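Colleague: My questions all concern the structure below.
All of the numbers you see were taken from the coordinates with simple rules; none came from a lab. None of the values given here were measured: they were computed from a predicted structure. Here Cβ is always computed from backbone atoms with ideal geometry, including for glycine, and neighbour counts include all displayed protein chains.
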Amino acid sequence: MIALGDLVELNEADLRLDRVKHLIDDIDDELGDAPWLEALQTEIEEQKTLVDEIATRRASAESDLDDRRQKIETEDGKLYDGSITESRELRNQQEAVYALRRGVKEAEEPALALMEAEELQREASTYLTTLLTEAQKSWDTAQAALKSDRATLAKEAASLETDVTTWRGEIAAADLAIYDKQRLTRPLAIAAVAGGVCGACRLALPTTILTRARRVTEPVFCPTCACIVYVP
Ligand SMILES: [Zn+2]
């Protein structure tokens, strides 16, 4: 006699364990860093470089303006400190100060444009950093939920593994060998016959197979799907 009833129980426990392990594998595929993390971090780094570059150019433009204004003050001072007495020389000095003032006016516009551009780049930088923080927060929440689901499934798997071990302890080695060989090729190793139909492939079984399956003296295989069939 082959212990078909026990094999059915074992197979059911194995199938449940297969499903749980599959779910755990699916979760493992989703655990880890977000797929967008590296690209977003790179973008943030590049944006910071842009900000640094434009800040350097803005600082240099401002320093240039300071120098020009300082020079105007110095040259302007010479008009009134009595160091220049000749009227022709004074006129020349006045012309020179005017020229310097025009120079400042011309340099002010690009410096202002740089300040505005820097402001925009800083805003873009802040936006990206906020985006990363928010997205990371959502990702972490989802990951925590996955980890919790995984822990539940792991407990279920451990319990099913105990069931499998228990059932295997009840079944004769020869029957286990047949079962294990079946399980290598199909998860559903053993199926009940209902109304003369194989429970696995749903095809009608020949009468000779049904008769032998009813006797339960030897494992009987479905000629179509090759799983062990039994008549409950
Ligand atoms: Zn079948």
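Colleague: What percent do you get for the relative contact order of region 129-232 when only Cα pairs under 8 Å and 6+ apart count? Working shown, then result.
Modeller: Working: 78 pairs, mean separation 20.1, N = 104.
Worked out over region 129-232, it gives 19 percent.
Colleague: What relative contact order, as a whole-number percentage, does the chain give when Cα pairs under 8 Å and 6 or more residues apart are counted? Before the final figure, lay out each step's value.
Modeller: On the way: 187 pairs, mean separation 72.8, N = 232.
Across the chain, relative contact order equals 31 percent.
Colleague: Assign unit charges at the C-beta atoms only (+1 for Lys and Arg, -1 for Asp and Glu), then state the dipole size of region 49-94 relative to its Cα centre in Debye, rounded to the nearest 20.
Modeller: Details: 8 positive and 12 negative charges, 37 e Å.
That gives a dipole near 180 debye.
Colleague: Using a 7 Å offset from the Cα along the Cα-to-Cβ direction at both residue 15 and residue 102, what is the distance between the two label points in nm, to one decimal?
Modeller: 9.5 nm
Colleague: Calculate, in nm to one decimal, what residue 162 and residue 85 gain on full extension: separation in residues at 0.36 nm each, minus their alpha carbon distance.
Modeller: On the way: separation 77, 0.36 × 77 = 27.72 nm, distance 10.94 nm.
Answer, rounded to one decimal: 16.8 nm.
Colleague: Taking a Cβ-Cβ separation under 4.7 Å as the criterion for a possible partner, which cysteines of the chain have none?
Modeller: Singleton cysteines: 227.
Colleague: Moving on to the next point. Quick one: 212, 91, fewest Cβ neighbours within 10 Å first, how do they rank? Intermediate values should be presented prior to the final figure.
Modeller: Numbers: 212 18, 91 11.
Fewest-to-most Cβ neighbours within 10 Å comes out as 91, 212.
Colleague: Could you put 149, 175 in order, starting from the residue whose Cβ has the fewest other Cβ atoms within 10 Å? Don't skip to the answer; put the middle values down first.
Modeller: Numbers: 149 14, 175 19.
Least crowded to most crowded, the residues run 149, 175.
Colleague: If you bin the C-alpha pair distances of region 1-127 every 5 Å from 0, what whole percents do you get?
Modeller: Binned Cα distances yield the sequence 2, 9, 10, 8, 7, 6, 6, 6, 5, 5, 4, 4, 4, 3, 3, 3, 3, 2, 2, 2, 2, 1, 1, 1, 0, 0, 0.
Colleague: Here's another thing I want to ask about it. Rounded to the nearest 0.05, what FRET efficiency do residue 34 and residue 127 have when you use their Cβ-Cβ distance and R0 = 25 Å? Walk me through the numbers before you get to the answer.
Modeller: On the way: r = 18 Å, r/R0 = 0.72.
Between residue 34 and residue 127 the formula returns 0.90.
Colleague: I've got another one for you. Kyte-Doolittle mean at least -1.0 and Cα extent at least 18 Å along the axis: which DSSP H helices of the chain qualify? It would help to have the intermediate numbers written out before the result.
Modeller: Working: long enough: 4-30 (39 Å, -0.48); 37-80 (64 Å, -1.09); 87-170 (122 Å, -0.69); 173-185 (19 Å, -0.26).
Correct list, ordered by number: 4-30, 87-170, 173-185.
Colleague: I've got another one for you. Need the full-extension length gain, residue 42 to residue 75, defined as separation in residues times 0.36 nm minus the C-alpha distance. One decimal, nm. Mind dumping the intermediate values first?
Modeller: Numbers: separation 33, 0.36 × 33 = 11.88 nm, distance 4.96 nm.
Gain in length upon complete extension: 6.9 nm.
Colleague: In Å, the Kirkwood hydrodynamic radius of region 109-232 over pairs of distinct alpha carbons?
Modeller: Numbers: mean 1/r = 0.0494 Å⁻¹.
Evaluated on region 109-232, it is 20.3 Å.
Colleague: Work from the charge dipole of region 27-154 (Cβ charges, +1 for Lys and Arg, -1 for Asp and Glu, about the Cα centre) and give the residue of 72, 148, 56 farthest towards its positive end.
Modeller: The listed residue farthest towards the positive side: 72.
Colleague: Oh, and also: How far apart, in nm, are two points set 7 Å out from the Cα along the Cα-to-Cβ line at residue 174 and at residue 207?
Modeller: About 3.0 nm, to one decimal.
Colleague: Stick to the Cα atoms of the chain, pair each with every other, and give me the Kirkwood hydrodynamic radius in Å at one decimal.
Modeller: Numbers: mean 1/r = 0.0384 Å⁻¹.
Roughly 26.0 Å, rounded to one decimal.
Colleague: Could you size up the charge dipole of the chain around its Cα centre, putting +1 on the beta carbon of Lys and Arg and -1 on that of Asp and Glu, and report it in debye to the nearest 20?
Modeller: Details: 28 positive and 45 negative charges, 350 e Å.
Dipole about the Cα centre, nearest 20: 1680 debye.
Colleague: Fewest Cβ neighbours within 10 Å first, please rank 25, 163 accordingly. Don't skip to the end; give the middle numbers.
Modeller: On the way: 25 9, 163 16.
Taking fewest neighbouring Cβ atoms as first place, the list is 25, 163.
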